[in-house]
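The values are calculated or read from the model by the stated rules, or taken from the named source; none is laboratory data. Computed from a prediction, not measured in an experiment: that's the story for all the values here. Neighbour counts are summed over all protein chains in view; Cβ atoms, including those assigned to glycine, are modelled from backbone coordinates with ideal geometry.
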Amino acid sequence: MTRATPESQIVHCVVGPEGAGQRLDRFLAAQSFLPTRSRIAFLIRGGHVSVDGVVRKTSYPVSVGNVVEVVLPPEEPSWVEPEDIPLDVLFEDESIVVISKPAGMASHPAPGTRHGTLVAALLHRWSLGEGWPDPQRPGIVHRLDKDTTGVMVVAKTPEALQGLAVQFQERTVRKSYLAIVRGVPRETSGSVDLPIGRDPQNRKRMQAVTGQKREAVTPWAVLERFGGQRPAAALVKCKPRTGRTHQIRVHMACLGHPLIGDEVYGSRRVPAGASGAMRAALLEFPRHALHASRLEINHPVGGRPLRFEAPLPEDMHNLLLQLR
């Protein structure tokens, strides 16, 4: 259970006969102190909700007499302040803007990340009108992890957002990533087909979960090996067919070759084949080594095919030079 702070409010609810058998999220939705389902989902995912002292998932069925405790952290401001943050723009017209996102920039505000986001930079770049389904994420149709670099497309109008959303939902968008991984896969190419779900013990972490309905598929191919007879690292191209949270990071870890610098799904342990300058380069790399190198879409207005590429960021480029 998330620990309450002095600013937190703690609410207790006792399940009556009318709530028996309901999912936890639906039971809470019927209570007047929680205004939206998204807020309920955020609280449950963050470990702010327990049933009889035990943190439960959204689908947990409550029973008569259960005591549901909700720790309500102080809400952060709901608005996003525009910020003058430089953007590396690859393409822009009246409907979309395509950027090369740097490492360290979150796509949109989240608890604990209110400033320095892509949304704040976009709001400073142009004035957005009304009609957005989520004012906190205007134009955002897909995400890159905060420390993943590379190509992102953003809608400038609600109509363009809808057109892009359909392409991502129907999986007609083609994506390519470059990853530097620990060790070298035995095969030169392959595909990981493992559903991904949230880790029930750590809500900020994902894991491969068999039996899940939400599939996740990542074809991959080794482009380059580093380290002589006992290769310590490899450059891998990944072309994910789905877009689950942390998908490439989880799938490469499942192969036994987590991304260099990924302390969530790997470690700082260096392969035995690394020595000298290569060992130092691998140890010192400051983030997970993942870059969204190419994105292919159809323009949401007119439908013409478009392809965008972002060059490797300086840190990954330098890492490859050191490994070579």
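With (1) at pLDDT below 85; (2) in contact with a helix residue (DSSP H, G or I) (Cβ under 7 Å, 6 or more places away or on another chain) as the list, and M206 as the residue in question, which single condition is left unmet?
Only one criterion in (1) at pLDDT below 85; (2) in contact with a helix residue (DSSP H, G or I) (Cβ under 7 Å, 6 or more places away or on another chain) is unmet by M206, namely (1).
Would you pick out the residues in region 139-172 that are in contact with a Leu (Cβ under 7 Å, 6 or more places away or on another chain) and either without any contact (Cβ under 8 Å) to a residue 60 or more places away in the chain or at negative phi (or both)?
Keep residues of region 139-172 that are in contact with a Leu (Cβ under 7 Å, 6 or more places away or on another chain), which gives 139, 141, 148, 150-155.
Within region 139-172, G139, V141, T148, V151, M152, V153, V154, A155 qualify.
Just one of the numbered conditions (1) modelled with pLDDT of 90 or more; (2) part of a loop (DSSP other than H, G, I, E, B); (3) under 24 Å from R205 (Cβ atoms) is not true of G47; which one?
The number of the failed condition is (1).
Across region 278-310, which residue is farthest from K156 (Cα to Cα) among those that are basic (K, R) and touching a strand residue (DSSP E or B) at 6+ places or on another chain (Cβ under 8 Å)?
Of the residues in region 278-310, the ones basic (K, R) are 279, 287, 294, 304, 307.
When the remaining residues are screened for being touching a strand residue (DSSP E or B) at 6+ places or on another chain (Cβ under 8 Å), the result is 294, 304, 307.
Numbers: R294: 20, R304: 17, R307: 18 Å.
It comes out as R294.
Could you list, in sequence order, all residues of region 80-110 that are of a type in the set (S, T, N, Q), in contact (Cβ under 8 Å) with a residue 60 or more places away in the chain and under 18 Å from Y177 (Cα atoms)?
First, pick out the residues of region 80-110 that are of a type in the set (S, T, N, Q): 95, 100, 107.
With in contact (Cβ under 8 Å) with a residue 60 or more places away in the chain added as a condition, the list becomes 95, 100.
Correct list: S100 only.
Suppose the filter is closer than 15 Å to T148 by Cα, in the same structural domain as R198 (by TED's automatic domain parsing), surrounded by 15 or more Cβ atoms within 10 Å (Cβ to Cβ) and among the β-branched types (V, I, T); does V250 pass it?
Working: closer than 15 Å to T148 by Cα: yes; in the same structural domain as R198 (by TED's automatic domain parsing): yes; surrounded by 15 or more Cβ atoms within 10 Å (Cβ to Cβ): yes; among the β-branched types (V, I, T): yes.
Answer is yes for this residue.
Check A160, A165 and return the single one that is part of a helix (DSSP H, G or I), surrounded by fewer than 17 Cβ atoms within 10 Å (Cβ to Cβ) and modelled with pLDDT of 90 or more.
After ruling out the rest, the residue left standing is A165.
For residues that are modelled with pLDDT under 90 and not in a loop (DSSP other than H, G, I, E, B), scanning just region 50-86, find the one that is surrounded by the fewest Cβ atoms within 10 Å (Cβ to Cβ).
L72
So in region 254-280, with the set limited to residues that are among the small types (G, A, S) and crowded, with 21+ Cβ neighbours inside 10 Å, which one is modelled with the lowest pLDDT?
Of region 254-280, the ones among the small types (G, A, S) are 256, 261, 266-267, 272-277, 280.
Add one more test, that the residue is crowded, with 21+ Cβ neighbours inside 10 Å, and what stays is 261, 274.
On the way: G261: 91, A274: 68.
Of everything passing the filter in region 254-280, A274 is modelled with the lowest pLDDT.
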